[in-house]
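Below is one structure, written out as structure tokens; the observations come after it.
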Amino acid sequence: MASHEFGGAVRQLRESTDPAAVGLGGGRRRVRGLRREELGELAGLSADYVRRLEQGRSHPSAGVVKAIARAMRVGRAEYERLCALAGYAAVDGQVPNEVGPGATRLLERFTDTPMFVADAAMNLLAVNSAFLALGHWHLSGNPWEWNIAWRTFCDPFDGFKQSAADATDHEAVLVACLTSALLRYPADASLAALVDDLRGRSRLFDTLWRAPRPVTAYESSAAFTHPEGGAVTLVGSLIAIPGDDLSALMLTAAPGSADAARLAEIVEDAGAPAVIKVGRPGPG
């Protein structure tokens, strides 16, 4: 059954792929999409092997799945789907860290909402000016200073406080995200180094890594103490950005609350809305 599902997915992608999008000439064609011979040439496979794959008569290796995905220039989400149908974990080298148009639009449109975009390893890649206006993210010069998990477990912010229950939820989400990232990107040396550093520096992280807590919700509440005085309580909600393997965190206050009023003051003082690229994915 799995081979037939994989073959059907490959055929559907082949027939819907624009030849010009993969570097082939257009011209008059009797069939839509790519011919089997063309996909085979792009992926380094024979047309007969492509036919057997599509008919479910042959099971691909992980390398073949990757070659087919690259040949048709599919996105991350489609590559992961092909891997899952073939029974493999997706392996694609480094954790993606490009902030695409979709993620940028999120930061641009929610100008009154503190937000950041992070990669699968929980490295911050871009923030909006409303997020920086909270004033809690001080920098220490450590290579992991823009990594949420490292800051949570190894270098906590003075201006960020959570209840025991919210901290438990927050920690569980971070461990789950890193566990998932390491399964998807086992060849990423920077990600492996991050996990090793966390396990060596934080007894709590090492304990959770060996015996993870279940994730009950991808959000938690925290009080942010502004440098100019006063605290504002916000709820952080983690949102997946499909295709780019990124996530966004939105920080919101209860509507009509004193926290919402205080947040509006902080954002107004931040000046003109802006999207700021930050961070770097670990040492190097």
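The values are calculated or read from the model by the stated rules, or taken from the named source; none is laboratory data. These figures come from a predicted structure and were not determined experimentally. Virtual Cβ from ideal backbone geometry, glycine too; neighbours counted across all protein chains shown.
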Can you confirm whether Ala217 is surrounded by fewer than 17 Cβ atoms within 10 Å (Cβ to Cβ), over 25 Å from Val127 (Cα atoms) and small (Gly, Ala, Ser)?
no
Is it true that Leu34 is modelled with pLDDT of 90 or more, more than 19 Å from Gly243 (Cα to Cα) and either aromatic (Phe, Trp, Tyr) or surrounded by 18 or more Cβ atoms within 10 Å (Cβ to Cβ) (or both)?
yes
Ala223 versus (1) more than 20 Å from the chain's Cα centre (by Cα); (2) farther than 24 Å from Asp259 by Cα: which is the lone unmet condition?
(2)
Can you pull out every residue in segment 59-80 that is more than 27 Å from Leu246 (Cα to Cα) and either of a type in the set (A, V, I, L, M, F, W, C) or crowded, with 17+ Cβ neighbours inside 10 Å (or both)?
Pro60
Scan the helices (runs of 4 or more DSSP H) fully inside segment 141-203 and keep the ones with 3 or more residues being assigned by TED's automatic domain parsing to the domain that holds Glu228, surrounded by 15 or more Cβ atoms within 10 Å (Cβ to Cβ) and at pLDDT below 90.
164-184
Among the residues that make up segment 88-100, is at least one of them among the aliphatic types (A, V, I, L, M), over 19 Å from Ala240 (Cα atoms) and buried (at least 16 other Cβ atoms within 10 Å of the Cβ)?
yes
When you check Leu208 against the structure, is it out of contact with any Asp or Glu (no Cβ under 9 Å at 6 or more places or on another chain) and part of a helix (DSSP H, G or I), yes or no?
no
Picked from segment 2-26 (must be in a loop (DSSP other than H, G, I, E, B), surrounded by fewer than 15 Cβ atoms within 10 Å (Cβ to Cβ) and touching a helix residue (DSSP H, G or I) at 6+ places or on another chain (Cβ under 9 Å)), the residue modelled with the lowest pLDDT is Gly26
Residue ranges of helices (runs of 4 or more DSSP H) in segment 29-125 with at least 2 members touching a residue at least 40 places away in the same chain (Cβ under 8 Å) and under 23 Å from Ile276 (Cα atoms):
101-109
Need pairs with beta-carbon distance below 8 Å; first residue touching a residue at least 24 places away in the same chain (Cβ under 8 Å) and β-branched (Val, Ile, Thr) and within segment 191-219, second surrounded by 12 or more Cβ atoms within 10 Å (Cβ to Cβ) and assigned to a helix (DSSP H, G or I); sequence gap 6+ or separate chains.
Val215/Asp169; Val215/Ala172; Val215/Val173; Val215/Ala176; Thr216/Asp169; Thr216/Ala172
